[in-house]
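Written out below as structure tokens is the structure these notes cover.
The values are calculated or read from the model by the stated rules, or taken from the named source; none is laboratory data. What you are looking at is a predicted structure, and each value in this text was computed from that prediction instead of being measured. Neighbour counts are summed over all protein chains in view; Cβ atoms, including those assigned to glycine, are modelled from backbone coordinates with ideal geometry. These accessible areas exclude ligands, DNA and RNA; they are computed on the full protein's heavy atoms, side chains included. Shrake-Rupley method; radii C 1.70, N 1.55, O 1.52, S 1.80 Å.
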Amino acid sequence: MPPQRILVTGAAGFLGSHLCDALLAEGNDVVGVDNFATGNNANLAHLHGEPRFQFEERDICQPFDVGRVDGVFNFASPASPIDYMRLGVETLLVGSAGTLNTLELAKRYSAAYLHASTSECYGDPEVHPQVETYWGNVNPIGPRSVYDEAKRFSEAAVAAYQRYHGVNTHLVRIFNTYGPRLQANDGRVISNLMMQALRGEPLTIYGNGLQTRSFCYVSDLIEGIVRLSKSEEHDPVNIGNPDEWTILECAREVQALIGSECEIVFKPLPQDDPTRRRPDISKAKALLAWSPKVSLREGLAKSLGYFRSCVAAEQA
Ligand code: UDP
């Protein structure tokens with residue numbers, strides 16, 4: 001495919017910044033947009049001086065136009081539970097007005113469009129592993145609803161722009177992902193456990209630690225997303241690593257990696273915390289010839305230098 005001009009919203013975020021890198025590496029021009037609600041300038045620092053990268057600080061909840069683009073990747077949203085609960089109304093707005101504004105842009109320029117959706121669309125799932133055809137079990141008014149329902153609204157909006165306006169849309173349902181540039185203090189399980197182990201603090205486990213998650217290393221996720229963006233598929237596609245871990249097992253992996261005998265402390269389980277989560281990735285495998293390659297052990301090891309630098313920065 002010849003080089004394109006591509007808009008990435010949420011460009012200063014964990015996934016947005018890795019996506020910018022992947023798109024630039026393919027030879028494209030990238031316009032990154034972020035309002036720094038949860039994004040971090042440091043995630044883009046290595047792109048300063050890159051002539052094919054242009055950055056605009058803006059809030060996508062206001063209509064905007066960055067000029068002609070061939071593709072739009074909509075990755076703007078608070079994403080960790082503590083961030084979206086702190087920024088509840090902002091999360092609802094970016095997942096509604098923000099998504100509609102980016103869809104309008106894609107329609108105007110006949111650009112391809114990919115939206116970052118989420119396994120949270122499945123809520124606390126009654127179907128396991130989660131297949132794309134499952135409609136989910138979401139509490140519409142609970143503490144996670146600002147994120148879950150915003151993402152579900154976004155899916156409806158994306159489907160509507162495909163159906164009514166013929167926009168070439170793609171929906172990726174992203175499962176738990178980790179790696180360098182994950183916010184060190186975003187309260188997520190991998191960042192918490194890594195930072196706690198490196199600081200020599202007790203590891204916090206919420207509830208009994210028997211709830212499960214399936215963790216995907218960031219490079220695997222980005223590869224799946226880039227492949228999906230080039231496909232003809234408009235319906236949602238799960239991208240994640242189906243290797244399922246209890247949170248306690250995950251803590252043991254972190255302990256083994258860091259070689260610490262950190263104490264484990266149990267804390268209350270947050271309301272509506274999903275009891276299990278694992279993607280069925282049959283669709284992505286068949287459609288995109290994609291499957292994740294990096295195991296949790298390898299991925300944690302690849303992330304160690306990053307988390308070490310975060311701890312060093314705290315202590316500086
Ligand atoms: N969790 C935990 N200890 C922590 C942070 C999270 O036990 O320090 C649990 C949390 O209750 C959930 C799982 O780990 O069951 C994953 O939480 P995270 O916030 O990473 O993302 P989620 O998948 O819930 O969006």
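Overall dimensions of region 163-316, expressed as equivalent-ellipsoid semi-axes from the Cα gyration tensor (√(5λ), whole Å, largest first), are 31, 17, 14. Using only alpha-carbon positions in the chain, the gyration tensor eigenvalues give semi-axes of 30, 22, 18 Å once each is multiplied by 5 and square-rooted (largest first).
Taking every DSSP bridge with both residues inside the chain, close to 10 percent are antiparallel. Surface composition of region 1-51: carbon plus sulfur atoms hold 53% of the accessible area, using a 1.4 angstrom probe and ignoring ligands, DNA and RNA.
Here is the list for region 1-93: GluC sites (Glu not before Pro) lying in DSSP coil, each with at most 13 other C-beta atoms within 10 angstrom of its C-beta, are E26. Write out the chymotrypsin sites (Phe, Trp or Tyr not before Pro) in region 1-57 meeting two conditions: DSSP loop, and at most 14 other Cβ atoms within 10 Å of their Cβ. Here the chymotrypsin sites (Phe, Trp or Tyr not before Pro) that fit, given the DSSP loop and packing criteria, are F36. Accessible surface computed residue by residue for the chain, with neighbouring protein chains in place and a 1.4 Å probe, gives 42 Å² per residue. Helix-only arithmetic for the chain: the sum of -39500 (n - 2.57) across DSSP H runs with n ≥ 4, divided by the residue total, places the mean residue ellipticity at 222 nm at -11500 deg cm²/dmol.
Scanning the chain for DSSP H helices at least 24 Å long along the axis (C-alpha atoms) with a Kyte-Doolittle mean no lower than -1.0 picks out 145-165, 296-315.
Modelled spin labels at L287 and E314, positioned 7 Å past Cα toward Cβ, are 3.9 nm from each other. Stokes-Einstein diffusion for region 153-192, with the hydrodynamic radius set to the Kirkwood value over Cα pairs and evaluated at 37 °C in a medium of 0.692 mPa s, equals 259 µm²/s.
So if I place +1 on the C-beta of Lys and Arg and -1 on the C-beta of Asp and Glu, and nothing else carries charge, what would the dipole magnitude of region 114-183 be about its Cα centre? I want it in debye, nearest 20.
Charge dipole of region 114-183: 260 debye, to the nearest 20.
Fully extending the segment from F153 to L269 would add 39.1 nm, taking 0.36 nm per residue of separation and subtracting the current Cα-Cα distance. Quick one: Debye curve from the alpha-carbon atoms of region 10-149 only, equal weights, vacuum; give me log10 I(q)/I(0) at q = 0.14, 0.21 Å⁻¹ to two decimals. Log10 I(q)/I(0), no solvent term: -0.70, -1.30.
Hey, can you rank 258-265, 219-226 by average C-beta count inside 10 Å, highest first?
219-226, 258-265
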